[in-house]
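First up is the structure itself, then whatever we jot down about it.
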Amino acid sequence: MRRLVCLIFYCAFSAGAWAQAIPREAERHRLVLLREAQFVWGLDAPVSSFAAQVQQESGWREGLVSRTGAIGLTQFMPATANWIGATRPDLESVNPGNPVWALRALVAYDKWLWERVDGASACERFAFVLSAYNGGLGWVRRRKARSDAPAVCFDKTCAVNPGISLANQAENQSYPVRILRRYEPLYMRSGRWRTGVCQ
């Protein structure tokens with residue numbers, strides 16, 4: 001009986017801890033992210049993947065400004081925000097502090113990167129997208145050129161240091177892991193954020 005009570009308590013605690021892993025602020029932006037993701041990626045957009053990315057970038061805090069100058073929910077650097085604003089008419093009024101602009105820019109930039117990388121699966125390909133979002137497409141290309149498994153990010157190509165500092169390498173290598181293996185499953189299990197690319 002005691003074991004059963006402990007098991008029930010553990011399950012209740014685990015469910016509560018899991019539910020708290022998705023910030024309450026995320027719900028305010030869920031429908032906007034769904035709309036923007038489907039506008040750019042189509043009806044089968046991996047919304048849970050994008051939500052996980054936003055959680056990693058800002059924890060859904062709108063006014064966040066990093067010590068390096070990255071801004072808003074999606075932590076765009078000013079130069080990247082200006083570049084993407086110049087490439088898409090719907091993003092030309094650059095405002096990375098505006099949640100709608102930021103979410104639209106995130107899914108658009110991810111799509112732009114998606115069209116420029118490949119992978120052994122959709123999950124591996126999106127991991128390369130995330131690596132490029134975090135550290136730049138040029139570094140992803142250099143990693144692929146040095147890798148014996150250029151279509152596999154996890155534990156293979158993304159572990160190759162293309163010539164950056166050890167701290168930057170560690171950050172960039174762990175970025176897709178945190179998003180796709182830690183946060184994406186949380187959003188998918190909630191049932192409110194649709195599918196994820198690594199489901």
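Can Ser121 be described as open to solvent by 10 Å² or more (accessible area, probe 1.4 Å), over 28 Å from Pro89 (Cβ atoms) and touching a Ser or Thr at 6+ places or on another chain (Cβ under 8 Å)?
Numbers: open to solvent by 10 Å² or more (accessible area, probe 1.4 Å): yes; over 28 Å from Pro89 (Cβ atoms): yes; touching a Ser or Thr at 6+ places or on another chain (Cβ under 8 Å): no.
Judged against the criteria, Ser121 is not a match.
Could you tell me whether Asp110 is open to solvent by less than 40 Å² (accessible area, probe 1.4 Å), among the acidic types (Asp, Glu) and touching a helix residue (DSSP H, G or I) at 6+ places or on another chain (Cβ under 8 Å)?
Values: open to solvent by less than 40 Å² (accessible area, probe 1.4 Å): yes; among the acidic types (Asp, Glu): yes; touching a helix residue (DSSP H, G or I) at 6+ places or on another chain (Cβ under 8 Å): yes.
Answer is yes for this residue.
Condition test on Arg143, is it open to solvent by less than 30 Å² (accessible area, probe 1.4 Å) and at negative phi?
Working: open to solvent by less than 30 Å² (accessible area, probe 1.4 Å): yes; at negative phi: yes.
For Arg143, the condition - open to solvent by less than 30 Å² (accessible area, probe 1.4 Å) and at negative phi - is met.
Can you tell me how many residues in the stretch 19-69 are at pLDDT 95 or above and basic (Lys, Arg)?
Adding up the residues that qualify gives 4.
May I ask you to list the residues in the stretch 91-107 that are open to solvent by 50 Å² or more (accessible area, probe 1.4 Å), under 22 Å from Pro46 (Cβ atoms) and not β-branched (Val, Ile, Thr)? Talk me through it step by step, then tell me what you get.
So in the stretch 91-107, the residues open to solvent by 50 Å² or more (accessible area, probe 1.4 Å) come out as 92-95, 98, 100, 104.
So of that shortlist, the ones also under 22 Å from Pro46 (Cβ atoms) come out as 100, 104.
Answer for the stretch 91-107, where residues must be open to solvent by 50 Å² or more (accessible area, probe 1.4 Å), under 22 Å from Pro46 (Cβ atoms) and not β-branched (Val, Ile, Thr): just Arg104.
Would you be able to tell me the number of residues in the stretch 39-73 that are farther than 22 Å from Arg181 by Cβ, out of contact with any helix residue (DSSP H, G or I) (no Cβ under 8 Å at 6 or more places or on another chain) and open to solvent by 40 Å² or more (accessible area, probe 1.4 Å)?
5
Restricting to the stretch 33-72, count the residues that are over 15 Å from the mean Cα position of the chain (by Cα) and part of a helix (DSSP H, G or I).
Number of matching residues: 4.
The values are calculated or read from the model by the stated rules, or taken from the named source; none is laboratory data. Note that the structure is a prediction, hence the values are computed from the model and not measured. Glycine gets a Cβ as well: all are built from the backbone with ideal geometry, and neighbour counts include every protein chain shown. The protein model used for the area step is the full one, side chains on, heavy atoms only, and it has no ligands, DNA or RNA in it. Shrake-Rupley method; radii C 1.70, N 1.55, O 1.52, S 1.80 Å.
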